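Peer 1: Mind having a look at this structure? Questions to follow.
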């Protein structure tokens, strides 16, 4: 998969199906995770790199399931925060 323009392909984090107290959430109460790892970037993406962990806005993008892995394709502008850079543990507030 090679995204066009400033599009990113993000491997969405797995769904949280259990609360911290051990209660299993019903399917209707499970929220889609808004975090994931960038697996491909388009040629016009400027700030996000492959391997970055990102927080994306709500229900943005196009979701695709390929070989039981959920990917979301979003424009770079839908990335709200880079949680960590590829190879780094966390991004400092000055980055």
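Peer 1: Condition first: modelled with pLDDT of 90 or more, assigned to a loop (DSSP other than H, G, I, E, B) and either under 10 Å from the mean Cα position of the chain (by Cα) or over 14 Å from residue 1 (Cβ atoms) (or both). Now tell me which residues in segment 46-95 satisfy that.
Peer 2: Of everything in segment 46-95, those that are modelled with pLDDT of 90 or more, assigned to a loop (DSSP other than H, G, I, E, B) and either under 10 Å from the mean Cα position of the chain (by Cα) or over 14 Å from residue 1 (Cβ atoms) (or both) turn out to be 46, 47, 48, 49, 51, 52, 85.
Peer 1: From 74, 65, grab the single residue that is surrounded by 12 or more Cβ atoms within 10 Å (Cβ to Cβ) and within 12 Å of residue 12 (Cα to Cα).
Peer 2: Residue meeting the stated conditions: 74.
Peer 1: Within segment 11-19, is even one residue assigned to a strand (DSSP E or B) and at pLDDT 90 or above?
Peer 2: yes
The values are calculated or read from the model by the stated rules, or taken from the named source; none is laboratory data. All figures in this text were calculated on a predicted structure; none of them were measured in a lab. We place every Cβ from the backbone using ideal geometry, glycine too, and count neighbours over all the protein chains shown.
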